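Participant: Below is one structure. I have some questions about it.
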Amino acid sequence: MSPLRTLVPWAAPALFTRSCAHASRPLFTHVLPATRSNFIKQLPRLQSTAAAEAVSDETEQGAGVQPQEDILAKLAPEDAQRLSLMRNIGISAHIDSGKTTFTERVLYYTGRIKAIHEVRGKDNVGAKMDSMDLEREKGITIQSAATYCDWDKVENGETKKYHFNLIDTPGHIDFTIEVERALRVLDGAVLVVCAVSGVQSQTITVDRQMRRYNVPRITFINKMDRMGANPWRAIEQVNQKLKIAAAAVQVPIGREENLEGVVDIINRKALYHEGNRGETIVEKDVPSELNDIVEEKRGVLIETLADVDDEIAEIFLNEEVPSPEQIVAAIRRATIARKFTPVLMGSALANKSVQPVLDAVCDYLPNPAEVSNVALDLARSEAPVSLPPYSDLPFVGLAFKLEEGKFGQLTYVRVYQGMIKKGMNIVNTRTGKRTKLARLVRMHSNEMEDVTEVHSGEICATFGVDCSSGDTFTDGQLEYAMTSMFVPEPVISLSIAPKSRDNGNFSKAINRFQKEDPTFRVHFDSESKETVISGMGELHLEIYVERMRREYNVDCVTGMPQVAYREAILDEVNFDYTHKRQSGGAGQYAKIMGILSPADAENIFESEIVGGKIPEKYLAAVQKGFEEACEKGPLIGHKVLGARMLVNDGAIHVVDSSELSFRTAGYWGFREAFMRSRPVVLEPIMDVAITAPLEFQGSVIGLMNKRNATITDTDVGSDEFTLHAECSLNQMFGFATILRANTQGKGEFTLEFKHYAQAPPQLQKDLVAEFQKKLKEKQT
Ligand SMILES: Nc1nc2c(ncn2[C@@H]2O[C@H](COP(=O)(O)OP(=O)(O)OP(=O)(O)O)[C@@H](O)[C@H]2O)c(=O)[nH]1
C-alpha cells in the first residue's frame, strides 16, 4: 500500500522556523476548501510569460497555458482596443507616505471628484477613499477602497481616454490582508515612497507582496515639498533595499517649499503647474541651471536600462543614443518584466507632478491583456489553463473581497475571461452553487454605480452572491479554480464579551467581520467559556472592538491581549497506544503504533501499514484524531506546530473496532507521545522598525534592550533614524504608549510577524503552570 501523506491544511507551513532560516516567507493559509488539492494553494498567480511558460513546459500535452504573445495575437480588435486603454492599478506604500492624498489628486485631476479634501483636513470632510468614519478620524486607511476614473492622455497630438480601476490600500501591517487581496487582482501598482524617510519597513513588506503576485510597479517619490526631501537617496534605497533596478525619469525643479515642478528627462522638457490645484500642466524649456543634472540623470537612466533591456544594451554598446521613443519602450518592457521601476517625483499635498504619474501608468504599466493569468481546470485533473481576456469566452472571475453593506453582502469580482451581465447565472466553483446576478455595480469608494455588463479585465461588485473571499466564479460551463491568496496567521488574541446582554448584534458583528476579513478569527473557548478574537496586531483588534461599538451599538469588555503561542516537540519517540473500552454495550478497540517526530514547517500525518492491518477508513479516523489534538496542544492548550505522526503498525478487533475508536486512539496516542518528545512552547518573534527623531535614538535603544530585543540594523537620516530589531511579541504589548511617552509623541513603529521561536524557559514554565492550574480548577 502506498503511504498516505497528508499536509494538515491549517498548519503554519512556512513560518515555523526554529532558526531564522526562512524567516521572511509568509504564512500560507488557504481560503479554498481543504478538500481541494494542495496544489491550488501552492500555485501562485502566474503572471509573467516566463512563469506561464514554465507551467506550460511541465504540462505540455494540451494543458492549455498559452504564451502571452499568442494570447495577444488572437485578441479580437474590439477587445484589443478596449484593453489597451485599461489599467488596473493599486496604490501601495508604508504608513503615511501619502497614498490617500495622492489618490485624492488622481480622482480630482481625472474629474472623478469635484473638490479635494485632505486626510485629517481642516474642513473635516476627509479624503474620498477613506470613507469610514474611523478612517477619517484616525487619518489612517483601514480598508482598501476601489474606484475608477478616466484619464485623457495626449499621444502624438491625439487624445486617448484611458480607463483606470484603482485601489487605495492601507499602509499599516495590521490591515495587510487588504493589500494582499488588492495586489492579487491588480495588474500594476504605484509604489509611493516618502522623499524624506525613503524606503521604510512597510515599503519592504509591500514590495514583497508585489513580488508574490508578480505585480510590476512604478515608483512615486512623494513629499518633495518637505524639508530634507532627497529623491536620490530614496532611489538609491529602492535599488539597494528593494533590490530592483530603479532610475529617475524626472528631476525636480526647486526643492522643499520651492518645488515648482519636474523636468521630464526623457523628452527634456520642464513641466510646471497652473491653476489653484495645479490642474494645468504647462510645458517649458528646461531651466539652464538644470541642464547638467538632467543630462547626468538621463545618462544614469539609459545605463540602468542597458543592464536590464537587450535593445538598449545594444544601442549603448554601439555608443549610440536611444531616442525618447526607444527609451519609453524599453522602460515599458523592463517594468512589465519586473526588472526595473521608473521613478517619478513630486508632492501630492502641494499638487505637484501627480499628472505625469498618470501618464506613466499608461506608458509603463501593463494592460490586462499583457498579464498572464492562469486557473486550474478541475475537470481535467487540475491542469493549468490560461485565462485569455477574450470577451467571447465563457466567464471566469475571482471574488477577492467581501463587504457587508446596506443592501447585503457586496462581493468584489475581477473578471478575467468573458463577461458578466446583470440577470445572468454564475456558478461558484467551490460550492457548485448557482446564483442569478441581480445587481452589478462599479464602486467609487463607498458609492456605487449600477451597470448592466462588465467585460474581461474589469473590476466590479455584485450583491446577493454567497461566497468566501478567494472563490472562483464561472458561467457554469467551466470548472476552473483560480489560485487563492496568502492569508497570514493571526498572532494576537483577546477575550471579548458584550458589556450587557447580547441582543444579537454582537454575534452579527462577529460573523460579519469574520466573513469579510480572513485574518480576523473568532473561537469560543469551551474551558474559559469566553469568545476569543484573534488578529494581526493590537490595532487590528482595537479597530474591530471600536467598529462593534459604532456600527452595532455593542460596548464590549476585552481581556488582556494574548500571544498566539505554539507547541512543538524536540525529540523523536516511538508510540504504541491502545484504546480499549468494554463496559457493557458495544466495545471500543484500536491499537496504533509508530513514530512521532519533529517536522520542519507543518503538521504531517503519514501511514505505512503493510498487509492491511489497519484499513484506510480507520487510518483516516486516526488522522482526524491527530488533527484534533494538534488544534489544542497538551502542554498549554495552544496549537501544535511541526509534528509528524507516522503510523506503521497496529491492530483491529473484528467486533469492537470502529472509526470512533481509531479517532480516539489518534487523539490520545498523539498526546501521550507528544509529552514524551520534549515538548516546548514557541512564541512569535516580530520584526520591529522604530522611526523617531535623532535625539531619541539613545532612549529608543534603551527601550529595546529592556525588551531583550536583538537590534539588527539602524538607518540614520538627516533628522530621523530607523531602528530595526527582532523582539518577541510578548514584550511589545503596550509599546505604542511607551514609545509615545519616550519620544514626545514623535516616534512611530511597525511590527510584523517574523517567525516562531522557543519562548524563554521561565515563561514556558509559567505558562505550563498556569494551564495546569486552570485544568485543576476545572476538575474540582
Ligand atoms: N508635506 C507633505 N505632506 C503630505 C504629502 N502627501 C501626504 N502628506 C501628508 O501625510 C499624511 C499621511 O497622508 P495619507 O495620504 O493619509 O497617507 P497614507 O499613505 O494614505 O496613510 P495610511 O493609509 O494610513 O497608511 C497626511 O497628513 C498628509 O497630509 C506631501 O506631498 N507633502
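The values are calculated or read from the model by the stated rules, or taken from the named source; none is laboratory data. Values in this document were obtained by computation on a predicted structure and should not be read as measured data. In this analysis, Cβ positions are derived from the backbone assuming ideal geometry, glycine residues included, and neighbour counts consider all displayed protein chains.
Participant: Output yes when any residue across the stretch 268-282 is among the aromatic types (F, W, Y) and either loosely packed, with under 15 Cβ neighbours inside 10 Å or farther than 28 Å from R105 by Cβ (or both), and no when none is.
Facilitator: Restricting attention to the stretch 268-282, the residues satisfying the condition of being among the aromatic types (F, W, Y) are 272.
Checking which are either loosely packed, with under 15 Cβ neighbours inside 10 Å or farther than 28 Å from R105 by Cβ (or both) leaves us with none.
Looking for residues that are among the aromatic types (F, W, Y) and either loosely packed, with under 15 Cβ neighbours inside 10 Å or farther than 28 Å from R105 by Cβ (or both), one finds none in the stretch 268-282, hence no.
Participant: Can I ask one more? When you scan the stretch 587-608, do you find a residue that is basic (K, R) and either more than 35 Å from the chain's Cα centre (by Cα) or assigned to a helix (DSSP H, G or I) (or both), even just one?
Facilitator: Looking for residues that are basic (K, R) and either more than 35 Å from the chain's Cα centre (by Cα) or assigned to a helix (DSSP H, G or I) (or both), one finds at least one in the stretch 587-608, hence yes.
Participant: Return only the number of the condition from (1) within 16 Å of the ligand (Cβ to nearest atom); (2) under 17 Å from I266 (Cβ atoms) that R333 does not satisfy.
Facilitator: Of the numbered conditions (1) within 16 Å of the ligand (Cβ to nearest atom); (2) under 17 Å from I266 (Cβ atoms), the odd one out for R333 is (1).
Participant: V610 - would you say it is surrounded by 15 or more Cβ atoms within 10 Å (Cβ to Cβ) and aliphatic (A, V, I, L, M)?
Facilitator: So V610 does not fit the description; no.
Participant: Same structure again: Please tell me if I177 is closer than 24 Å to A360 by Cβ, within 16 Å of the ligand (Cβ to nearest atom) and modelled with pLDDT of 75 or more. So that I can check it myself, show each step before the final result.
Facilitator: Values: closer than 24 Å to A360 by Cβ: no; within 16 Å of the ligand (Cβ to nearest atom): yes; modelled with pLDDT of 75 or more: yes.
So I177 does not fit the description; no.
Participant: Right, something else. Can you go through V238, V215, V263, V251 and tell me which one is at pLDDT 85 or above, more than 12 Å from the ligand (Cβ to nearest atom) and part of a loop (DSSP other than H, G, I, E, B)? If you could, list the steps in order and put the result at the bottom.
Facilitator: Details: V238 fails: part of a loop (DSSP other than H, G, I, E, B); V263 fails: part of a loop (DSSP other than H, G, I, E, B); V251 fails: part of a loop (DSSP other than H, G, I, E, B).
Among V238, V215, V263, V251, only V215 is at pLDDT 85 or above, more than 12 Å from the ligand (Cβ to nearest atom) and part of a loop (DSSP other than H, G, I, E, B).
Participant: Somewhere in the stretch 249-265, is a residue more than 27 Å from L402 (Cβ to Cβ) and small (G, A, S)?
Facilitator: yes
Participant: For the stretch 412-426, check the following and say yes or no: at least one residue is over 25 Å from N214 (Cβ atoms), out of contact with any strand residue (DSSP E or B) (no Cβ under 6 Å at 6 or more places or on another chain), at pLDDT 90 or above and surrounded by 15 or more Cβ atoms within 10 Å (Cβ to Cβ).
Facilitator: yes
Participant: I've got another one for you. Which residue, of D187, D168, is closer than 30 Å to K114 by Cβ, at pLDDT below 80 and crowded, with 24+ Cβ neighbours inside 10 Å?
Facilitator: Just one listed residue meets the conditions, D168.
Residue-wise test of (1) more than 34 Å from the chain's Cα centre (by Cα); (2) farther than 21 Å from K776 by Cα.
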{"position": "E628", "(1), (2)": "no, yes"}
{"position": "K639", "(1), (2)": "no, no"}
{"position": "R644", "(1), (2)": "no, yes"}
{"position": "N648", "(1), (2)": "yes, yes"}
{"position": "D656", "(1), (2)": "yes, yes"}
{"position": "F670", "(1), (2)": "yes, yes"}
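Participant: Hey, can you tell me all the residues within the stretch 410-432 that are over 26 Å from L376 (Cα atoms) and in contact (Cβ under 8 Å) with a residue 60 or more places away in the chain?
Facilitator: none
Participant: Please work out which one of (1) among the aliphatic types (A, V, I, L, M); (2) outside any helix (DSSP H, G or I); (3) under 20 Å from I636 (Cβ atoms) is the condition A673 fails and give its number.
Facilitator: Condition not satisfied by A673: (2).
Participant: Separate question: Being buried (at least 16 other Cβ atoms within 10 Å of the Cβ) and more than 16 Å from the ligand (Cβ to nearest atom) is true for just one of R87, R105. Which residue is that?
Facilitator: Unique residue meeting the criteria: R87.
Participant: Kindly list the number of the only condition in (1) within 16 Å of the ligand (Cβ to nearest atom); (2) in a helix (DSSP H, G or I); (3) basic (K, R) that fails for R277.
Facilitator: In the conditions (1) within 16 Å of the ligand (Cβ to nearest atom); (2) in a helix (DSSP H, G or I); (3) basic (K, R), R277 misses (2) alone.
Participant: Pairs please, first residue from the stretch 76-99 and touching a residue at least 12 places away in the same chain (Cβ under 8 Å) and in a loop (DSSP other than H, G, I, E, B), second anywhere and among the hydroxyl-bearing types (S, T, Y) and more than 16 Å from the ligand (Cβ to nearest atom), Cβ atoms under 9 Å, 6+ apart in sequence or on different chains.
Facilitator: A76/Y390; A76/S391; L85/Y162
Participant: Considering only residues that are over 24 Å from R678 (Cβ atoms) and among the small types (G, A, S), which ones fall in the stretch 554-593?
Facilitator: G559, S583, G584, G585, A586, G587, A590
Participant: Now a separate question. Go through K529, K613, K508 for me and flag whichever is without any contact (Cβ under 8 Å) to a residue 60 or more places away in the chain and within 30 Å of F400 (Cα to Cα).
Facilitator: K508
Participant: Quick one: is L378 closer than 30 Å to T519 by Cα and either within 16 Å of the ligand (Cβ to nearest atom) or touching a Lys or Arg at 6+ places or on another chain (Cβ under 6 Å) (or both)?
Facilitator: Working: closer than 30 Å to T519 by Cα: yes; either within 16 Å of the ligand (Cβ to nearest atom) or touching a Lys or Arg at 6+ places or on another chain (Cβ under 6 Å) (or both): no.
When the stated conditions are applied, L378 does not pass them.
Results for (1) farther than 18 Å from S456 by Cα; (2) β-branched (V, I, T); (3) buried (at least 23 other Cβ atoms within 10 Å of the Cβ), shown as yes or no for each residue.
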| residue | (1), (2), (3) |
| --- | --- |
| V371 | no, yes, yes |
| E382 | yes, no, no |
| L387 | no, no, yes |
| G397 | no, no, yes |
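Participant: Does T203 count as more than 14 Å from the ligand (Cβ to nearest atom) and out of contact with any Ser or Thr (no Cβ under 7 Å at 6 or more places or on another chain)?
Facilitator: No.
Participant: Sticking with this one: Is one or more of the residues making up the stretch 358-365 within 16 Å of the ligand (Cβ to nearest atom), buried (at least 23 other Cβ atoms within 10 Å of the Cβ) and in a loop (DSSP other than H, G, I, E, B)?
Facilitator: No, that holds for no residue.
Participant: Let me ask something else. Which one of the conditions (1) closer than 29 Å to T737 by Cβ; (2) assigned to a loop (DSSP other than H, G, I, E, B) does N705 fail to meet, given that it meets all the rest?
Facilitator: Every condition holds for N705 apart from (2).
Participant: In the stretch 303-327, how many are farther than 14 Å from N267 by Cβ and either assigned to a helix (DSSP H, G or I) or in contact (Cβ under 8 Å) with a residue 60 or more places away in the chain (or both)?
Facilitator: Qualifying residue count for the region: 14.
Participant: Please go through the stretch 412-458 and pick out each residue that is among the aliphatic types (A, V, I, L, M) and assigned to a strand (DSSP E or B).
Facilitator: V413, V415, M419, I420, I426, V427, L440, V441, M443, M448, V454
Participant: Here is a further query. Under 8 Å between Cβ atoms, which residue pairs at least 6 apart in sequence (or on different chains) link something in the stretch 158-175 that is in contact (Cβ under 8 Å) with a residue 60 or more places away in the chain and assigned to a strand (DSSP E or B) with a partner that is within 12 Å of the ligand (Cβ to nearest atom) and of a type in the set (D, E, K, R)?
Facilitator: What qualifies is D168/K99.
Participant: Checking the conditions here, which among A725, A757 is crowded, with 21+ Cβ neighbours inside 10 Å, out of contact with any His (no Cβ under 8 Å at 6 or more places or on another chain) and outside any helix (DSSP H, G or I)?
Facilitator: Matching residue, one of A725, A757: A725.
Participant: Name the residue that is nearest to the ligand (Cβ to nearest atom), counting only residues in the stretch 218-235 that are touching a Gly at 6+ places or on another chain (Cβ under 7 Å) and either more than 24 Å from Q355 (Cα to Cα) or assigned to a loop (DSSP other than H, G, I, E, B) (or both).
Facilitator: By that ranking, first place goes to K223.
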